[in-house]
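Quick notes on the structure that follows.
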Amino acid sequence: MKKPGNVAVIGDGGWGTTLAILLNKNGAKVNLWGIFPEYVESMKANRENIKFLPGVKIPSGISLTSDLSEAVSGANIMVLAVPSQYMRDVSRRLKDVRTDFADKIFVSVSKGIENKTLKRMSEVVREILGPVKIGVLSGPTISYEVARGLPTTVVAASEDEDTAKEIQDLFMADNFRVYTNNDIIGVELGGSLKNVIAIAAGISDGLGFGVNTKAGLLVRGIVEVARLGIKMGARQETFYGISGLGDLMTTCVSSHGRNRWFGEEIGKGKKPQDVLKATEMVVEGAVTANSCYELRKKYGVEMPISEQIYAVIYEGKDPKAAVRDLMTRERKAEL
């Protein structure tokens, strides 16, 4: 194993802060960057991310800054922890403040697909920064649990095996087990598209349905996610592993899952846009539902659950009508 290096964690949300704490504990020198100077100063004063990770102290060894140039200075690893729809802008900012990226490693921990281009996060980063070494860290990772040292398993994925192993070595800890995988397409799609299914699970909860309903949503949900993923070049088995089914299960059952919560509020009768306006959290699944809908059309893939979630969020469809339409579809074999 290589010694931990200098790491810039770009994004001070709950997950970025959690990973900064984990990396600091692993012995890395960590700079944590946030875009809003006033909030960064608040975190410095309180040594706590009150908005997104309350109750968890930020060690004094972690440097907090709103100056991107300062954050990446001397760093040989960049952990990109910004919401997916801001990844392009942040990548451009990185290019503006630094150009020597050839021997650096980028780790995307953002789960989403860009709306306009339908690109995965690793594709967005490479489009802006060129052929940099990049990997993805993904899996069932509720920040609240990881920050408290509860046992967690994730996947480090990259087309380059050495890059995947370096990411594995960087994050591996007693309570944070990291596997490697070279199917970066499957890992990125699994982490992104499961959020759409999690919204469906939340709607089910909000409507007062039971575990039978949720089990059906999870099983049929991962089937349609895998169906699209295979069309896009991923391996089927990836979707039934940690970054696919594992992540889906966690997001759909955890009380801390923001996508499930978003769906639950809709199921209770609230309008999607009103729910989004009432929270400072980024609900990735709401944005990804649109990307998923466009990918489904582009690749000609049948994705009935995702299609209904799109209709509920973007077309104002009544959730009960969406359930009825799903349950009364034409009869067919399971496989």
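The values are calculated or read from the model by the stated rules, or taken from the named source; none is laboratory data. Only a predicted model underlies this, so the values are computations on that prediction, with no experimental measurement involved. Every residue, glycine among them, receives a Cβ derived from its backbone with ideal geometry; neighbour counts consider all protein chains shown.
Worth pointing out:
- Of all residues in region 276-304 being without any contact (Cβ under 8 Å) to a residue 12 or more places away in the chain and in a helix (DSSP H, G or I), the one that is farthest from the chain's Cα centre (by Cα): K297
- Residues that are under 15 Å from the mean Cα position of the chain (by Cα) and surrounded by fewer than 22 Cβ atoms within 10 Å (Cβ to Cβ) were ranked within region 243-253; the one that is farthest from F52 (Cα to Cα) is L245.
- Failed condition for I222, given (1) closer than 19 Å to Q308 by Cα; (2) part of a helix (DSSP H, G or I); (3) more than 19 Å from the chain's Cα centre (by Cα); (4) hydrophobic (A, V, I, L, M, F, W, C): (3)
- Of the residues making up region 25-64, those that are on the phi < 0 side of the Ramachandran plot, part of a loop (DSSP other than H, G, I, E, B) and not hydrophobic (A, V, I, L, M, F, W, C) number 6.
- Restricting region 287-308 to residues that are in contact with a Phe, Trp or Tyr (Cβ under 9 Å, 6 or more places away or on another chain) and buried (at least 22 other Cβ atoms within 10 Å of the Cβ) leaves a set whose member that is farthest from P272 (Cα to Cα) is M303.
- Looking only at region 79-99, and only at residues there that are outside any helix (DSSP H, G or I) and of a type outside the set (S, T, N, Q), the one that is farthest from the chain's Cα centre (by Cα): R98
- Those residues of region 111-122 which are buried (at least 18 other Cβ atoms within 10 Å of the Cβ) and either over 15 Å from the mean Cα position of the chain (by Cα) or outside any helix (DSSP H, G or I) (or both), in sequence order: K111, G112, I113, E114, K119, R120
- Selection status of K214, surrounded by fewer than 18 Cβ atoms within 10 Å (Cβ to Cβ), more than 20 Å from the chain's Cα centre (by Cα) and closer than 20 Å to M303 by Cα: no
- Residue match in region 197-211 (condition: surrounded by fewer than 16 Cβ atoms within 10 Å (Cβ to Cβ) and assigned to a helix (DSSP H, G or I)): yes
- Residue count for region 67-111, restricted to those that are in contact with a strand residue (DSSP E or B) (Cβ under 7 Å, 6 or more places away or on another chain) and among the small types (G, A, S): 7
- Test for K317: is it surrounded by fewer than 22 Cβ atoms within 10 Å (Cβ to Cβ) and touching a helix residue (DSSP H, G or I) at 6+ places or on another chain (Cβ under 6 Å): yes
- Any hit, region 264-276, residues being surrounded by 15 or more Cβ atoms within 10 Å (Cβ to Cβ), closer than 24 Å to G229 by Cα and in the same structural domain as L189 (by TED's automatic domain parsing): no
- Matching entry among S143, S108 (being touching a Gly at 6+ places or on another chain (Cβ under 8 Å), surrounded by 24 or more Cβ atoms within 10 Å (Cβ to Cβ) and not assigned by TED's automatic domain parsing to the domain that holds R258): S108
- Set E70, E48: member being acidic (D, E), surrounded by 13 or more Cβ atoms within 10 Å (Cβ to Cβ) and within 24 Å of the chain's Cα centre (by Cα): E48
- Cβ pairs under 9 Å, 6+ apart, first in region 161-182 and closer than 22 Å to D103 by Cβ and in contact (Cβ under 8 Å) with a residue 24 or more places away in the chain, second assigned to a helix (DSSP H, G or I) and among the basic types (K, R): T180/K165
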